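Peer 1: The structure's right below; bear with me while I get my questions together.
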Amino acid sequence: MKGNAIVFEILVAAFFVVFYIGGARAMGRLRHLTFLAGAILFSLAIETTAVLAGLDNFYWYATNSYFKHYPLGGYVIWLGVVPLSVILLWYMVAMTSYVGALHILPSRSAWARAALAGGIATLFYLLIEPIAVANRWWVFNAKSFYLIDVPLFAVLGVFLSVFVFTLVFHWTITEPRDNKSLKKLEDRTVKRVFKSKKLAKNLSFHQLRAVFFFRLVVAFVAYGAVMSAIVVALWAVANRGQIKPTW
Amino acid sequence: MANKRIELEQYKYYIDLLVEDPARKKARRGVATLLIAAMVMSLAFFVLGFLSNDTAGSLTDIMQKPPAKAPAGDTQVPQQQLPEGIPQIPQQQLPEGIPPIPQQQLPEGIPPIPSETEQPQVPVSPSPGSRLPATDAIAMPFDAPDGALLARAQAAPGQETTPTVDIPAVDESAPDSTAPGSSAPTSSAPKKTGPGTTTRGAASLSKLATSAGGRGFEIYLLAVFFVLMIALYVALRRVRLEAKAK
């Protein structure tokens, strides 16, 4: 059987409704909306960067005549160069991992919870990625070190992205706290907008949301720096060539 | 308590969170919904992975064009393959006055053309720049333009020379599967023979799928699914214990 991209898209869309309702109940409507918006922006930035850098792509159906034989053979809804369903899948995985980690380790530090959330998310993607590669939902192009046709940087990238995202969300929305090194930068930038230099725990929810998105930008830059180093390092040791469409 | 009350009045943040915080029972139900939905989603992917076992075992399968549904001998090009705006050319409606070509009356010395089912297998991945005979049983190259298909449709009946499909030469140094319109960076890496032949990875997907009596991929999926289920179940159990304790 060939699981078409439309199967994946319908599957994700159906589950998204359930996750949205469950997430809103578990976290509260506003917090959940903040989580959803942050997850969409964060994962979209990561995936778009990966596609533009040539690491992977979702265009296999569009670049081959194969898809023409099936109605709606490729992805239907796109956010730029990334299908919406891929972004929603990341949100669902991150949400489940975060909520699961909160309950598995209720009294541990935010670092431990975020690490566990990253671990659960990695398990999810270890299940999904080989199926996605087999069905060409997405294709990896980068020369790298591959583990069952999934590059190692993709596995590490999932762990790191969920780790960073849940850590930022926890420290900004769930249990607001300030980071010494970030405080000065926030005072000069995002807090200047609403003219306040209060500590994070003393800000209103709407102000916290602004701080959260600002911290996400910083987290994305840090994530990009770390992942670039990992991708380059794996590229250097790998000897695997590009995947060609005529393969 | 008084200080807390002052804080509540002073800072809108706390008020927001108090309003925003869902009731514990509702929150627990939400968490349980999330975890159960995640389990079902994992199960769905697991089943989909099982069904994709044959695809994982031979990764070239999915790259091939599906077989034409037209019956043997029917040379009509499927309608959906033609670009929009180009009318279909009727294949079996010869103009009046032109007699149909007899099918089974070949001159002596000329071997009969084998039927579709007897035609030899043609490699799916031709070398760039090569020319393939455009017979019905041959899968079109994936990067062949639609015009190539149109050229087949317009071939005159009784043409003696074998129609061919030109495969444009592919620059192998350039990334192939990139977004249309986007310019991906070119790689200066030396040419490779293809995926799976020179990898240093632990195993390729096709190797995994064909190992353990063809059940390697299924065993892998089962192992990951099992560990994931344990993690989600532990979280779900904690939520239920929490509900019982309070």
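Peer 1: Among A:194, A:205, which is the only one that is touching a residue at least 12 places away in the same chain (Cβ under 8 Å) and open to solvent by 30 Å² or more (accessible area, probe 1.4 Å)?
Peer 2: Just one listed residue meets the conditions, A:194.
Peer 1: For residues in the stretch B:26-49 being in contact with a Leu (Cβ under 9 Å, 6 or more places away or on another chain) and of a type outside the set (A, V, I, L, M, F, W, C), which is nearest to the other protein chains (Cβ to nearest Cβ)?
Peer 2: Here the residue is B:49.
Peer 1: Going by the structure shown, is residue A:81 within 8 Å of another protein chain (Cβ to nearest Cβ), without any contact (Cβ under 8 Å) to a residue 40 or more places away in the chain and farther than 22 Å from residue B:46 by Cβ?
Peer 2: The answer is yes for residue A:81.
Peer 1: Looking at the stretch A:236-247, is at least one residue within 27 Å of residue A:111 (Cβ to Cβ) and buried (at least 19 other Cβ atoms within 10 Å of the Cβ)?
Peer 2: no
Peer 1: If you don't mind, another one. Answer with yes or no whether residue A:45 is modelled with pLDDT of 95 or more and either among the hydroxyl-bearing types (Ser, Thr, Tyr) or in a helix (DSSP H, G or I) (or both).
Peer 2: Answer is yes for this residue.
Peer 1: Quick one: residue A:176 ticks every box in (1) modelled with pLDDT of 85 or more; (2) assigned to a helix (DSSP H, G or I); (3) open to solvent by 10 Å² or more (accessible area, probe 1.4 Å) bar one, so which box is it?
Peer 2: For residue A:176, the failing item is (2).
The values are calculated or read from the model by the stated rules, or taken from the named source; none is laboratory data. Model, not experiment: these values are computed from the prediction. Methodologically, a virtual Cβ is constructed for each residue, glycine included, from the backbone with ideal geometry; neighbour enumeration extends over all protein chains shown. Surface accessibility is based on the protein's heavy atoms, side chains included, excluding ligands, DNA and RNA. Shrake-Rupley method; radii C 1.70, N 1.55, O 1.52, S 1.80 Å.
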